Every structure is written in C-alpha cells, then in structure tokens.
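Written out below as structure tokens is the structure these notes cover.
Each value in this text was obtained by applying a stated rule to the coordinates, not by laboratory testing. Here the structure is a predicted model, which is why all the values come from computation and not from measurement. In this analysis, Cβ positions are derived from the backbone assuming ideal geometry, glycine residues included, and neighbour counts consider all displayed protein chains.
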Amino acid sequence: MRYDKIIPKLSRLLRISNVEKFLEKNATSLKWKMLEVELEKKSGSEKERLIALGMFGLVLFPSQTGVISLEAAAAYVEYENTQINPVAAILAETILTLNHCKRAGKGAMRCCTQLLYIWMVSHIETKKPIFNNF
C-alpha cells in the first residue's frame with residue numbers, strides 16, 4: 001500500500017479531516033503526541049479507533065519512540081478493512097526473526113518483547129499458574 005493512499009483512508013477511518021498535519025518532517029510517520037491531543041476531543045468508536053492505531057504503531061509495530069510509522073498505520077487500515085486479526089502473522093514473523101538471529105549469530109529484534117513473553121508464557125500449560133496477577 002502506497003503512503004499517498006494510506007493518509008486519505010486513515011483520515012476517513014479516524015474522522016480527522018487533515019491527518020497530514022500529524023506527519024513527521026520525513027513524511028514516513030505520525031507524531032503520537034499530536035494524535036493524543038486529538039484523542040481527548042474524540043468519544044465512542046472514534047476514540048477506540050485512535051487508541052487502536054496507537055496500539056498498532058507503538059506496541060505491535062514499534063519503530064521510533066513517540067511515532068507511528070506509516071507501515072503500522074497501513075497494517076491498522078488493513079485490519080479495519082478485513083477484520084482479520086494480525087496476531088498469528090506477528091507471532092510467525094517474530095519466530096522467524098528469532099530463528100534468523102540465532103542462525104546468523106547476531107542481530108536484534110524490534111518488537112515488544114514484554115508482550116511476546118507474556119503471550120508465550122500464557123500459552124504454556126502448567127499445573128500451577130505462572131502469573132497470579134494477570
């Protein structure tokens with residue numbers, strides 16, 4: 001999906017008339033701080049969509065601190081259009097990346113390792129609960 005097509009779709013989805021004003025100077029990411037101001041003005045499903053965009057950009061597909069990459073925004077738009085949960089694909093990509101890093105003997109992962117850890121541990125069957133506070 002091209003960036004020039006993502007912005008209008010995102011604008012319609014979030015019901016924000018001028019999403020371009022949230023773009024970084026390099027025009028490849030959105031400033032979350034500016035979107036947070038818009039979040040305070042929203043309510044209901046519009047607010048939920050903006051929070052979901054934040055989760056996609058800041059938690060599932062992190063790039064830089066405080067910004068949402070347009071790739072993450074494209075993934076969010078695709079999710080809203082298809083309603084297909086991307087968790088399985090994210091997990092598969094994570095496992096492939098871990099495998100590649102191990103084989104190469106170097107490299108690092110860019111993901112929310114804490115969430116990955118909680119997900120993996122929560123899917124391990126044990127007689128005693130691993131986490132009592134979740």
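The ranking of R12, R103, R49 from fewest to most other beta carbons within 10 Å of each one's beta carbon is R103, R12, R49. Simple spin-label estimate for R103 and M55 gives 3.3 nm between the two label positions (7 Å along the Cα-to-Cβ direction from each Cα). Pairs from the table (K9/K47; K21/K47; K25/K47) lying more than 21 angstrom apart at Cα are K25/K47. Sequentially through the stretch 98-107, phi angles give Karplus couplings (6.51, -1.76, 1.60; θ = phi - 60°) of 4, 4, 4, 4, 5, 5, 6, x, 7, x Hz, Gly and Pro residues having no value and appearing as x. Compared with the direct C-alpha span, the chain from L96 to I84 gains 2.2 nm at full extension, assuming 0.36 nm per residue. Excluding same-chain neighbours fewer than eight residues apart, the aspartates and glutamates reachable from K5 by a Cα-Cα span under 18 Å are E20, E24, E71, E78, E80. Taking amide H as placed 1.01 Å from N in the peptide plane, the amide H of S63 sits under 5 Å from that of S69, each at least 5 places away or on another chain. Under the shape rule built on the C-alpha gyration tensor, where the axes satisfy a ≥ b ≥ c, the stretch 3-82 is rounded, since a/c falls short of 1.5.
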